[in-house]
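The structure appears below as structure tokens.
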Amino acid sequence: MSYRSPLLLSSLNPAAVAAGIDIPDAVTIDGVTLSRSDLLGAATSVAERVAQARRVAVLARPTVKTVLAVVGCLIAGVTVVPVPPDAGSAELAHILRDSGAQAWLGEAPEGSELPVVPVRAHARSWHTYAEPAPEAIAFILYTSGTTGAPKGVMLSRRAIAAGLDALAQAWGWTSNDVLVHGLPLFHVHGLILGVLGPLRVGSPLVHTGKPTPEAYAAAPGTMYFGVPTVWSRIAETPDAAKELAKARILVSGSAPLPVPVFERLRELTGQAPLERYGMSETMITLSTRPDGERRPGWVGTPVAGVETRLVDESGRTLPHDGESVGGLQVRGPMLFDGYLNKPEVTAENWTEDGWFKTGDVAVIDAGGFHRIVGRESVDLIKSGGYRIGAGEIETSLLGHPAVAETAVIGVPDADLGQRIVAYVVLRDGADDAVHQQLIDHVAGELSVHKRPREVRVVDALPRNAMGKVQKKLLG
Ligand code: MCA
Ligand code: AMP
């Protein structure tokens with residue numbers, strides 16, 4: 001299989017392209033198609049323009065230009081900092097400052113002062129570059145913690161190769177597959193699995209622009225990726241769901257797939273979704289298998305090279321008996337190299353004997369099947385598959401002149417999994433329009449997908465004797 005190639009993007013093999021062996025539809029995004037030769041030629045020309053840089057920011061809209069920017073950097077060995085295209089002022093400033101990105105590659109957001117290196121989709125170069133070292137950091141991906149601004153997860157080329165190979169093996173993913181998805185290109189799911197996966201395995205990618213049920217139904221493929229919100233919308237659109245019956249696998253991840261959605265998809269498509277679990281820090285560590293059991297509510301067994309264990313609050317390991325609930329710890333070759341500029345936070349998240357503390361709470365049965373029960377902290381919210389920290393939203397809201405105090409929680413939501421709700425105590429004189437103003441304030445400072453869906457004005461927040469907000473009493 002192609003995944004043993006020494007190239008990170010095995011399918012973009014210059015020798016195959018020079019020999020005229022093309023993949024005509026290597027990448028299609030929102031109706032624009034690049035062949036393998038287009039992709040290699042245009043991305044190498046990006047590499048030539050960016051090769052002197054160390055680290056660049058890419059405004060990761062779902063376009064072929066974003067793919068060319070990312071692939072160009074991977075060819076040249078330049079670290080990519082993918083930036084959410086809807087990033088607001090505070091989030092953008094933080095990502096640029098913390099990452100030390102030297103330029104924008106491709107489009108720059110309005111008002112940014114960094115230099116811009118253009119991406120030209122029609123330029124071609126056939127220069128060949130030596131493969132960068134496996135330990136080189138390919139990406140710094142920003143992801144939320146319980147408090148503070150998002151942290152930069154450093155992912156090496158070696159980790160990405162190991163993570164993708166483990167998935168290819170677990171899922172029987174080969175160049176005969178066609179992957180379809182419409183996920184954002186600034187996270188592990190849409191970008192690493194969803195773009196680099198096809199380029200490593202050599203399977204064409206169809207990115208639908210937006211992940212609507214209609215767009216998925218219209219795109220013929222063998223593998224479909226979605227977050228649970230995407231699957232639940234498909235399950236509510238039977239005509240679209242039925243179009244997916246011919247797929248080889250329907251893969252769900254990034255958040256818990258509700259059991260009724262699992263069942264409804266099975267009913268409509270004739271096949272049970274394949275669930276897998278991972279994190280930005282670890283890539284995908286657990287999965288069910290195409291030829292194995294798929295149990296609603298469970299995320300399967302470790303992929304190649306991964307070990308897991310459950311640990312209780314006193315640090316004791318717990319039995320794999322299907323009942324004992326503990327903190328999930330993982331180790332394996334696809335784990336990240338630490339949080340950028342945060343060695344102490346990195347250290348806090350690892351045990352002395354080398355296991356990464358996921359922050360998720362799980363059970364493992366005697367057969368090695370895992371069920372994710374929840375998260376250790378109520379302050380990490382998963383909404384639409386996005387990881388969002390309550391702390392970053394609270395900080396943003398406290399910066400609004402109308403807000404005296406606030407507490408942000410995730411409440412169960414049939415569409416989004418969790419919905420962000422902000423409880424606020426207002427300063428005197430706030431008017432009725434304040435709900436929408438606060439939502440827009442967070443959307444404009446952080447990002448649209450981090451905005452509270454609801455603002456609840458209260459006279460006071462419930463606090464304990466120490467003055468700490470009792471979030472469990474909200475919601
Ligand atoms: C509404 N809009 C606003 C505002 N209100 N814009 C500005 N200010 C406001 N106040 C507009 C937006 O511009 C947008 O418009 C529209 O509302 C919809 O936005 P939204 O409601 O956020 O979208 P949605 O339809 O609810 O999105 C659902 C979704 C999305 C498509 C499922 O949540 C999504 O793409 N999730 C994927 C997350 C993901 O990939 N996570 C992976 C993390 P318009 O639409 O016109 O632009 S990686 C990971 O977790 C690990 C590794 C793993 O396991 O995979
Ligand atoms: P992120 O940093 O966006 O990569 O989010 C990672 C988190 O998403 C994990 O720590 C889990 O809480 C959650 N997650 C990912 N996949 C699943 C899944 N299949 N089931 C339940 N939770 C998941």
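The values are calculated or read from the model by the stated rules, or taken from the named source; none is laboratory data. What you are looking at is a predicted structure, and each value in this text was computed from that prediction instead of being measured. In this analysis, Cβ positions are derived from the backbone assuming ideal geometry, glycine residues included, and neighbour counts consider all displayed protein chains.
For Thr406, the requirement of being at pLDDT 95 or above, surrounded by 15 or more Cβ atoms within 10 Å (Cβ to Cβ), of a type in the set (Val, Ile, Thr) and in a helix (DSSP H, G or I) is not met. Residue count for segment 168-190, restricted to those that are among the aliphatic types (A, V, I, L, M), surrounded by fewer than 24 Cβ atoms within 10 Å (Cβ to Cβ) and in a helix (DSSP H, G or I): 2.
Determine if segment 250-268 includes at least one residue that is within 15 Å of ligand 2 (Cβ to nearest atom), among the hydrophobic types (A, V, I, L, M, F, W, C), closer than 22 Å to Gly385 by Cα and in contact with a Lys or Arg (Cβ under 6 Å, 6 or more places away or on another chain). Yes, there is a match, as at least one residue in segment 250-268 is within 15 Å of ligand 2 (Cβ to nearest atom), among the hydrophobic types (A, V, I, L, M, F, W, C), closer than 22 Å to Gly385 by Cα and in contact with a Lys or Arg (Cβ under 6 Å, 6 or more places away or on another chain). The one condition from (1) over 21 Å from the mean Cα position of the chain (by Cα); (2) modelled with pLDDT of 95 or more that Thr128 does not meet is (2).
Conditions tested, residue by residue: (1) among the basic types (Lys, Arg); (2) more than 24 Å from Leu34 (Cα to Cα); (3) at pLDDT 95 or above; (4) surrounded by fewer than 21 Cβ atoms within 10 Å (Cβ to Cβ).
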position: Pro198; (1), (2), (3), (4): no, no, yes, no
position: Leu205; (1), (2), (3), (4): no, no, yes, no
position: Glu214; (1), (2), (3), (4): no, no, yes, yes
position: Val227; (1), (2), (3), (4): no, yes, yes, no
position: Ala240; (1), (2), (3), (4): no, yes, yes, yes
position: Ala245; (1), (2), (3), (4): no, yes, yes, yes
position: Leu268; (1), (2), (3), (4): no, yes, yes, yes
position: Ala272; (1), (2), (3), (4): no, yes, yes, yes
position: Arg276; (1), (2), (3), (4): yes, yes, yes, no
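Selection of segment 442-475 for residues being under 24 Å from the mean Cα position of the chain (by Cα) and in a helix (DSSP H, G or I) yields Val442, Ala443, Gly444, Glu445, Val448, His449, Lys450. Restricting attention to segment 221-278 and to residues that are in contact with a Gly (Cβ under 7 Å, 6 or more places away or on another chain) and part of a strand (DSSP E or B), the residue that is nearest to ligand 1 (Cβ to nearest atom) turns out to be Gly278. Considering segment 1-67, the qualifying strands (runs of 3 or more DSSP E), each wholly inside and each with 3 or more residues that are under 20 Å from Val78 (Cβ atoms), run over 55-59.
Quick check on segment 378-390. Is at least one of its residues touching a Ser or Thr at 6+ places or on another chain (Cβ under 9 Å), within 23 Å of Gly326 (Cβ to Cβ), in a loop (DSSP other than H, G, I, E, B) and at pLDDT below 95? Looking through segment 378-390, at least one residue is touching a Ser or Thr at 6+ places or on another chain (Cβ under 9 Å), within 23 Å of Gly326 (Cβ to Cβ), in a loop (DSSP other than H, G, I, E, B) and at pLDDT below 95. Based on what the data block shows, is Thr288 more than 12 Å from ligand 2 (Cβ to nearest atom) and either among the polar types (S, T, N, Q) or surrounded by 23 or more Cβ atoms within 10 Å (Cβ to Cβ) (or both)? So Thr288 fails the test.
Scanning segment 149-167 for residues being closer than 24 Å to Pro84 by Cα and in a helix (DSSP H, G or I) gives a total of 6.
Condition check ((1) out of contact with any strand residue (DSSP E or B) (no Cβ under 7 Å at 6 or more places or on another chain); (2) on the phi > 0 side of the Ramachandran plot; (3) not hydroxyl-bearing (Ser, Thr, Tyr)) across all residues:
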site	(1), (2), (3)
Ile29	no, no, yes
Arg54	no, no, yes
Val67	no, no, yes
Gly72	yes, no, yes
Thr79	no, no, no
Val83	no, no, yes
Gly88	no, no, yes
Gly111	yes, yes, yes
Pro115	yes, no, yes
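Going through Val299, Val373, Val361, Val325 one at a time, which residue ends up being within 12 Å of ligand 2 (Cβ to nearest atom), surrounded by fewer than 16 Cβ atoms within 10 Å (Cβ to Cβ) and touching a residue at least 12 places away in the same chain (Cβ under 8 Å)? Exactly one residue qualifies, and that residue is Val373.
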